[in-house]
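The values are calculated or read from the model by the stated rules, or taken from the named source; none is laboratory data. Here the structure is a predicted model, which is why all the values come from computation and not from measurement. Counting neighbours? That spans all protein chains shown, and the Cβs are built from the backbone with ideal geometry, glycine included.
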Amino acid sequence: MIITRKHLPRRTFLRGLGVSLALPLLDSMVPAFTALSASAARPIKRLGIVYVPNGVFMSSWTPEGDGALLTLTSTLQPLAAFRERMLLMSGLANTQGDPLPGEGAGDHARAAGAYLTGVHPKKTEGADIHAGVSMDQIAAQTLGQETQLASLELCLESEDRAGSCDPGYSCVYANTLCWRGPTTPLSMINDPRVVFERLFGNSGSTDPAAWLAGRREDRSLLDGVTNKLARLRRELGPRDQGKLNEYLESVRDVERRIQKAERQTTRELPAMDQPIGVPADFSEHANLMFDLQVLAYQADLTRVITFMVGHETSARAYPEIGVPDAHHALSHHGHNSEMIAKLIKVDAYNSQMFANYLTKLAATADGDGSLLDHLTLLYGSGMSDGNSHNHHNLPTLLIGDGIKGGRHVRYPTDTPVTNLFMTMLDKVGVPAESIGDSTGTVQHLSGV
């Protein structure tokens, strides 16, 4: 909870908050959205992050040599259809995930907590968590002004992880990549039904009249919450007041979404069945979550999505590919050849799921191209070698808008990965002064 000794039932007053835009942005729609101008028809800029936990087996990830991707490693082979569009990057580091003197264990918590923020997470198991503003949320502050949802934070695993987090660290650090503020982590949704409701509400109908009634109910609930927060603020100390101010930013974002939804109730929603919950089959679950991301981009519901394939220290097993062992345990293979072989299979399986996602993005028309053409998409991890908890030379793949692919670029050793994030933000039209430990930008994304 954000506010100590105060019970604010968040799900009670955020229930039903959704959006109603469903169709992709067509050229013929431009006058309805903005004043007709030369700039109005420019392609939409979007940002995506797909994160895999526990690192990868780097020998089966890293291509030989620099320059052209003449051959793909076994882990990257499922992505062969996109070889000429992919940029593989070596040399980038998540040094804020390294332990400070005396900190000891906690590399998984630090790997996720520092990845998009570039800030060393505070070691604590209490409520005084602290990291930094994540790159996706910097983008959302600008790109989110044009959409009903500023961003989506998604995952494939539940946050119920009793006993499986790094000792000395709150599970929050390993369960999310996204931080609206240094003390405000954002929960990531793993239930497709909940994602669907966030995109399209929970009225059970796509009828415009039902949507409008739902949005009016949302506004009434929100007005009550705002009044309660105003009264509560007078009772809080300075620290909690600061946290409440960050929380109020979320409330204002919700209000903005409702206002946009009310203006768009005349637009037709797509015919899509609402998921009943988390599928028992992992592959079905993953594909459904990727489908929802494609739909969210296509309908221009949001332009920023962060997706964790698994939480750090993930114990997921993969019996569907003949790997009954827990992922985290396999990452600590101790150079055992049998465990390594299983880990490589898991890494390739993750690559295959990502390839399926790319196929869907590339097949979805958007303006004069596809969604993939107008999306800057990162695939990577906050750790390289899970066996040694190495946060250096991260596995990093970039694809999409303006990226010159078919290459492997090796950057100077320990170049902050936040330098890449600075460049990505610039590509989507959100220049930033800095992100955490960034020291500048990176070159050669477009081949120049």
(request) Return yes when PHE354 is assigned to a strand (DSSP E or B), touching a Phe, Trp or Tyr at 6+ places or on another chain (Cβ under 8 Å) and crowded, with 19+ Cβ neighbours inside 10 Å and no when it is not. (result) no
(request) Note down all Cβ pairs under 8 Å where the first residue falls in the range 423-446 and is farther than 15 Å from GLY48 by Cβ and assigned by TED's automatic domain parsing to the domain that holds ILE399, the second is loosely packed, with under 12 Cβ neighbours inside 10 Å and of a type outside the set (Val, Ile, Thr), and they're at least six residues apart or on different chains. (result) none
(request) Find all pairs meeting these conditions: Cβ atoms under 7 angstrom apart; at least six residues apart or on different chains; first residue within the range 410-422 and more than 10 Å from GLY91 (Cβ to Cβ); second residue assigned to a helix (DSSP H, G or I). (result) PRO416/THR95; PHE421/MET135
(message) Of the conditions (1) modelled with pLDDT of 90 or more; (2) surrounded by fewer than 22 Cβ atoms within 10 Å (Cβ to Cβ); (3) over 27 Å from SER134 (Cβ atoms), PHE282 satisfies every one except a single condition; which number is it?
(response) (3)
(request) Mind telling me which of the residues LEU76, LEU87 ends up being under 25 Å from MET422 (Cβ atoms) and in the same structural domain as GLU338 (by TED's automatic domain parsing)? (result) LEU87
(request) Evaluate the range 110-119: report whether one residue or more is out of contact with any helix residue (DSSP H, G or I) (no Cβ under 9 Å at 6 or more places or on another chain) and over 30 Å from ASN356 (Cβ atoms). (result) no
(request) Could you tell me whether ILE305 is in contact (Cβ under 8 Å) with a residue 40 or more places away in the chain, β-branched (Val, Ile, Thr), buried (at least 19 other Cβ atoms within 10 Å of the Cβ) and in a helix (DSSP H, G or I)? (result) no
(request) Name the single residue, out of those in the range 363-402 being among the hydrophobic types (A, V, I, L, M, F, W, C) and surrounded by fewer than 18 Cβ atoms within 10 Å (Cβ to Cβ), that is modelled with the lowest pLDDT. (result) ALA365
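Condition check ((1) within 30 Å of ASN336 (Cα to Cα); (2) small (Gly, Ala, Ser)) across all residues:
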site	(1), (2)
ALA355	yes, yes
ASP366	no, no
HIS389	yes, no
LEU394	yes, no
GLY402	no, yes
ASN419	no, no
(message) Kindly evaluate SER434 against the criterion of being surrounded by fewer than 16 Cβ atoms within 10 Å (Cβ to Cβ), of a type in the set (Ser, Thr, Tyr) and more than 24 Å from ARG83 (Cα to Cα).
(response) yes
(message) For the range 331-350, check the following and say yes or no: at least one residue is in contact with a helix residue (DSSP H, G or I) (Cβ under 6 Å, 6 or more places away or on another chain), charged (D, E, K, R) and within 28 Å of ARG46 (Cα to Cα).
(response) no
(request) Quick one: THR423 ticks every box in (1) surrounded by 17 or more Cβ atoms within 10 Å (Cβ to Cβ); (2) more than 25 Å from ASP136 (Cα to Cα); (3) out of contact with any helix residue (DSSP H, G or I) (no Cβ under 7 Å at 6 or more places or on another chain) except a single one, so which number is it? (result) (2)
(request) Within the range 172-192, work out how many residues are without any contact (Cβ under 8 Å) to a residue 60 or more places away in the chain and closer than 29 Å to GLY104 by Cα. (result) 4
(request) Considering every residue within the range 351-371, establish whether at least one is over 28 Å from GLY97 (Cα atoms), touching an Asp or Glu at 6+ places or on another chain (Cβ under 6 Å) and of a type outside the set (Gly, Ala, Ser). (result) no
